[in-house]
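Here is the structure we will look at, set down as C-alpha cells.
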Amino acid sequence: MKHLHYMAFYLAMFAIGTALICFLYSQVLILTFLLIICSVIAYKFKHADGDIYYMVIGAVVGPVAEIFAISHGAWAYAFPSFLGIPLWLPFGWAVMSLLIRRITDTVNEMRK
C-alpha cells in the first residue's frame, strides 16, 4: 500500500511539472522558479542515495542534447534564453529525471 502512495505522489508531480511547462512556457522566470520548487519537493520526498546525481545528469545531458538538436533545425523553443533553450529547461530535465528514477524504483519494489 505504501508503494501506491509513493507512485501516486510521483505521478502527480510528473503531471504537475508537465502542466506547468505546457501552460507557463512563456513566463520564463515564473516557470523556472516553480520548477525549482518542484525539484526541491521531489528531492526531499523519500530522499535516496544518488538522487542528486540523477538530477544533475538530467539537468546537463538533457539540455545539451536539445541544444544539439536545435542547432541542427529539429525544433525551436518559442522563448529561448540561451543557445536556443529556455532558462527553465535544465530544471525541467532535473525534476523529470528524478521522477523517472523514482517511478522506476517504485515499480521494481512493487514487483518484489
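Observations, loosely collected:
- Average projection area in nm² (convex hull over Cα atoms of the chain, one quarter of hull surface): 7.2
- Sequence-separation-based contact order of region 39-102, relative, with Cα cut under 8 Å and 6+ spacing, percent: 46
- Relative contact order for region 2-111: 39 percent, from Cα pairs under 8 Å spaced at least 6 residues apart, divided by residue count.
- Helical mean residue ellipticity (222 nm; -39500 (n - 2.57) per DSSP H run of 4+; nearest 500) of the chain: -26000 deg cm²/dmol
- Taking the Cα centre of the chain as origin and assigning +1 to Lys and Arg Cβ atoms and -1 to Asp and Glu Cβ atoms, the resulting dipole is close to 340 debye.
- Cβ-Cβ FRET estimate between Lys2 and Val40, R0 fixed at 25 Å, reported to 0.05: 0.65
Bear in mind these aren't lab numbers, they're just calculated from the coordinates by the rules spelled out. All values derive from a computational prediction rather than experimental measurement. Cβ atoms come from the backbone with ideal geometry, glycine included; neighbour counts cover every protein chain shown.
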